[in-house]
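The values are calculated or read from the model by the stated rules, or taken from the named source; none is laboratory data. Not measured: the values here are computed from a predicted model. Please note: Cβ atoms are built from the backbone with ideal geometry, for glycine as well, and neighbour counts cover all protein chains shown. Heads up: the accessible areas ignore ligands, DNA and RNA and are worked out on the full protein's heavy atoms, side chains in. Shrake-Rupley method; radii C 1.70, N 1.55, O 1.52, S 1.80 Å.
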Amino acid sequence: MKIFYDSYCPLCCAEMSHIKKRDQHDRIQLVDIQDPAFSEHYPGLDRAQLDARIHVELDNGEMVTGLDATHAAWQAVGLGWLYAPLRWPVIRIVADMAYNLFARNRYTISYLLTGRRRTCDDGQCGYRTDK
C-alpha cells in the first residue's frame, strides 16, 4: 500500500509517523507529494488532486481517497476499527463533509492544534514552530 501524503502539514506528518510505528509488517510505503522528485517518479498522478486530500493506492492498484484512505491505512496496521464508524452510512456523510473541510484548511488547523505552520518563505520547505 502506498500513502500519498503532504509533508508540509504537521498533522499529516504526525499521523503518518503513528501509522508507520504500527506497521510491523512493512506493508505501507509513505510517498511525500511535496518531494521535488515526486512528479518524476509518479508522472501519471495529478499532484493538485493529491494535495487536495489524502490518497492511498491499495495493493490491487485501486486508489482511495479521504477517510476511505485513512481507514484503509489504519486497517493495514490492525487499527481500522478506530475509523470504521466513520464509514457507516449516516455517519459517513457528515464525516466526509468534516474531512473535506479539514483538508481545505489543514494548515490553519495544524497551526491551531500544534503551533506549527507550513512555510517555504525561507527556502526550507516543510513545517516549523513559530514563536
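The table below gives the values:
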quantity: Qualifying residues in region 96-117 (those that are closer than 25 Å to Asp23 by Cα and of a type in the set (Gly, Ala, Ser)) - the one surrounded by the fewest Cβ atoms within 10 Å (Cβ to Cβ); calculated: Ala103
quantity: Qualifying residues in region 22-44 (those that are of a type in the set (A, V, I, L, M) and touching a helix residue (DSSP H, G or I) at 6+ places or on another chain (Cβ under 8 Å)) - the one surrounded by the fewest Cβ atoms within 10 Å (Cβ to Cβ); calculated: Leu30
quantity: Verdict on Thr70 being open to solvent by 20 Å² or more (accessible area, probe 1.4 Å), closer than 23 Å to Lys20 by Cα, among the polar types (S, T, N, Q) and under 16 Å from the mean Cα position of the chain (by Cα); calculated: no
quantity: 2 or more residues at pLDDT 95 or above and among the hydrophobic types (A, V, I, L, M, F, W, C): qualifying strands (runs of 3 or more DSSP E) within region 22-109; calculated: 29-32, 63-65
quantity: Qualifying residue in region 84-95 (condition: open to solvent by 60 Å² or more (accessible area, probe 1.4 Å), within 11 Å of Ile3 (Cβ to Cβ) and of a type in the set (D, E, K, R)); calculated: no
quantity: Residue pairs meeting the criteria (Cβ under 6 Å; at least 6 apart or on separate chains; first farther than 16 Å from Met97 by Cβ and free of Cβ contacts under 8 Å to residues at least 12 places away in the same chain, in region 60-72; second in a loop (DSSP other than H, G, I, E, B) and open to solvent by 40 Å² or more (accessible area, probe 1.4 Å)); calculated: none
quantity: Boolean, Cys9 is out of contact with any helix residue (DSSP H, G or I) (no Cβ under 6 Å at 6 or more places or on another chain), crowded, with 17+ Cβ neighbours inside 10 Å and either of a type outside the set (Lys, Arg) or on the phi > 0 side of the Ramachandran plot (or both); calculated: no
